[in-house]
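Worksheet for the structure shown next.
The values are calculated or read from the model by the stated rules, or taken from the named source; none is laboratory data. None of the values given here were measured: they were computed from a predicted structure. Using ideal geometry, Cβ is built from the backbone for each residue, glycine included, and neighbour counts are taken over all protein chains shown. These area figures cover heavy atoms from the full protein model, side chains too; ligands, DNA and RNA do not enter into them. Shrake-Rupley method; radii C 1.70, N 1.55, O 1.52, S 1.80 Å.
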Amino acid sequence: MTDTDSSARTGQASTGTTATTSTGAKRAYHRWAKNDTLEDYSLRYAPKSFRRWSPYVVATTALGGIAYLADFAIGGSIAISYGFSSAAVAILIAAVVIFATGIPIAYYSAKYSVDMDLLTRGAGFGYLGSTLTSIIYASFTFIFFALEGSIMAQAFQLGLHIPLAVSYLIASLLVIPLVIYGMTALSKMQVWTQPIWLIMMVAPFLAIAVKDPGEFARFTHFGGDSPTGAGFSFLSAGAGAGVALSLIAQIGEQVDYLRFMPDKTEENKKQWWGAVLSAGPGWVVLGALKQLGGAFLAFYVTEKIGKSVADEPIQQYLLGLKTFAAPVALGLATFFVVLSQVKINSTNAYSGSLSWSNFFSRVLHKHPGRVVWIFLNVGISLALMEGGVFGFLNNVLGFYSNVAIAWIGAVTADLVINKPLKLSPSYIEFKRAHLYNFNPVGFGSMLIASAVSIVAYFNAFGAYAKAFSPLIALGIGLALSPILAYTTKGKYYIARVDGLDEPLVVDGLLSSVELTCTVCTDAFERPDMASCPFHSGPICSLCCSLEAACHDACKKTGSGAVDLGMPVTATPV
Ligand SMILES: O=c1cc[nH]c(=O)[nH]1
């Protein structure tokens, strides 16, 4: 079925913002929600016509956010709390787990052009089951926005003598204009600022290596506040890994960009894989190196001015840059910190706005536009900053890890175990029209895994279980998902058959044929569309999400279990 056919069938024009359907429904989106540049397909499949960036640009944009300096603060804080050896092992454990779980998530997101929220829906959580993970993800973005904003504010305070409370406000407001313009503005900003950021990031390490190479050997004897000094302690390594593992949800931000990858073809497959692996799980290679760098600089700062501010990146860079540029070190360090934090906090606010859009569209059946939720996310972060969240870094992140890793573990298990075993659909289905509200496979696994690990985190099962509680969450999430998929026979994944005549897949790729939505009368590519008996025609995924009156009538036909293979394909994927 083509656009014209569809318009003819529904008797509607394919343009305009308002439509009258057989049910009398009308939907006109706010102009913010209708502007693709502002809206960035935040609740939808990213259509082929919008995915016009090369793999290199998408990967650079996705990696641009990894400029964040929280890694320096986290590495510094872990080294001060647990000493060199335990901190190094903690960082390594977290990096391995984050890399391994990131591979399938990055691949499926890039292949099916869906963000983390849409991916979660289809990876065993169900349409409403993933509202909980939208909140977990939104919390990641506002917790980290607050930590990064605090780091930027510390630079305003030291470099420009602005009081901390006012600095928090400036740090929050600064990123809003960029975020409003979404991928289009962010990709330009990230690409242009990357080289200068990279040079400034490594400069202090090179300068110290030249002027005082013995510092690196002395670092290996740094004990910080640890009772075991620089020596290794299993418990300390576990606790440190717990803090670093809070970053596991970072893969969500990576795939918010990777969904804009062009289709993988014979010609571009090397660049495609290079971009997906480097900007997907590969983010953690840079992340772990920065944590080690932060641990080293914290030791370096401690030697010179004491431990109390040694985990603040502005102090780390000030002293690092003083080794070769003393007269301008404060100006350079302030510039570097502000640049880094603008790069990451634009990403935090952007991804937060996507999560809130997802959450509220499902719960309230309303979508005023992604831009509105930027203000909510930034507002919560500002409150956290003013409440002094930076002072509780280890505790906040250590606790958060338990929940985040339970979610990522359950999604990963669905993609790498359930799909190959054919216990889960071979593709990613994200549309309300086709999903059950709750799928016990992912949703249940995540709830149980996070409950057990939180109880362990609060010391119910002894010191070792407390220290390694995030790994308990990961293990339970990975094991329970296939068990629940097997026991439920995969029947809570797909609620009904795909009723559109137009094939979903053409020549091995998702179809880019556009169909007109009966409700909003705009045209969307086939993967974003479903057939709607309530409106008697094709409906786009967002109009379907926002429909409060249908009470899921399309899923009440009692058709029984639905085949888990790719629906209506011209040629197999
Ligand atoms: O601030 C941060 C740090 C890590 N990851 C993010 O997404 N944001």
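Summary table
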read-out: Å² of accessible area per residue within the chain, as computed with a 1.4 Å probe and no ligands counted; value: 35
read-out: The chain - Debye-derived log10 I(q)/I(0), Cα point model, q = 0.06, 0.10 Å⁻¹; value: -0.31, -0.82
read-out: Tilt relative to the chain, helix 55-64 - C-alpha long axis, 0 to 90 degrees, to 10; value: 50
read-out: Degrees between helix 182-211 axis and first principal axis of the chain (Cα, 0 to 90, nearest 10); value: 20
read-out: Acute angle (nearest 10 degrees) that the helix 84-112 long axis makes with the longest principal axis of the chain, alpha-carbon atoms; value: 20
read-out: Reachable lysines, given that their alpha-carbon falls under 16 Å from the alpha-carbon of K419 and they are not under 8 places away in the same chain; value: K111, K489, K491
read-out: With every protein chain in place, segment 38-487: carbon and sulfur % of accessible area (1.4 Å); value: 74
read-out: Peptides ranked, highest mean first, by Cβ atoms within 10 Å: ranges 256-266, 234-244; value: 234-244, 256-266
read-out: Nearby aspartates and glutamates by direct alpha-carbon distance to K269 (threshold 17 angstrom, same-chain neighbours under 8 apart not counted); value: D507
read-out: Prolate/oblate/rounded label for segment 247-392 (Cα gyration tensor, a/c 1.5); value: oblate
read-out: Gyration tensor (alpha-carbon) shape descriptor, segment 368-490, a/c threshold 1.5; value: oblate
read-out: Table column - 3J(HN,Hα) (Hz), segment 362-377, Karplus curve with 6.51, -1.76, 1.60, x for Gly and Pro; value: 7, 7, 9, 6, 9, 9, x, x, 4, 4, 4, 6, 4, 5, 5, 4
read-out: Built amide H within the under 5 Å cut-off of V505, gap 5+; value: S511, A570
read-out: Karplus (6.51, -1.76, 1.60) ³J(HN,Hα), θ = phi - 60°, over segment 171-179, in Hz, Gly and Pro reported as x; value: 4, 6, 6, 4, 8, 4, x, 5, 5
read-out: Set of lysines with alpha-carbon distance to K322 below 17 Å, sequence-local pairs under 8 removed; value: K211, K304
read-out: Sequence ranges 325-332, 474-481, 388-395, ranked by mean other-Cβ count within 10 angstrom, highest first; value: 474-481, 388-395, 325-332
read-out: Ordering of 498-504, 207-213, 409-415 by burial proxy (mean other Cβ atoms within 10 Å per residue, highest first); value: 409-415, 498-504, 207-213
read-out: Reciprocal of mean inverse Cα separation for segment 236-314 (Kirkwood radius, Å); value: 15.2
read-out: Amide hydrogen neighbours beyond the local backbone of L435, cut-off 5 Å, H modeled; value: A495
read-out: Net charge contributed by nearby residues that have their C-beta within less than 14 Å of A67 (K/R +1, D/E -1); value: -1
read-out: The chain, relative contact order [Cα under 8 Å, separation at least 6], %; value: 27
read-out: Under 5 Å, built H, 5+ apart or other chain: amide partners of C532; value: G537, I539
read-out: 222 nm mean residue ellipticity, helices alone, for the chain (DSSP H n ≥ 4; -39,500 (n - 2.57); rounded to 500); value: -19500 deg cm²/dmol
read-out: Segment 189-275 - Kirkwood radius from inverse mean 1/r over Cα pairs (Å); value: 17.8
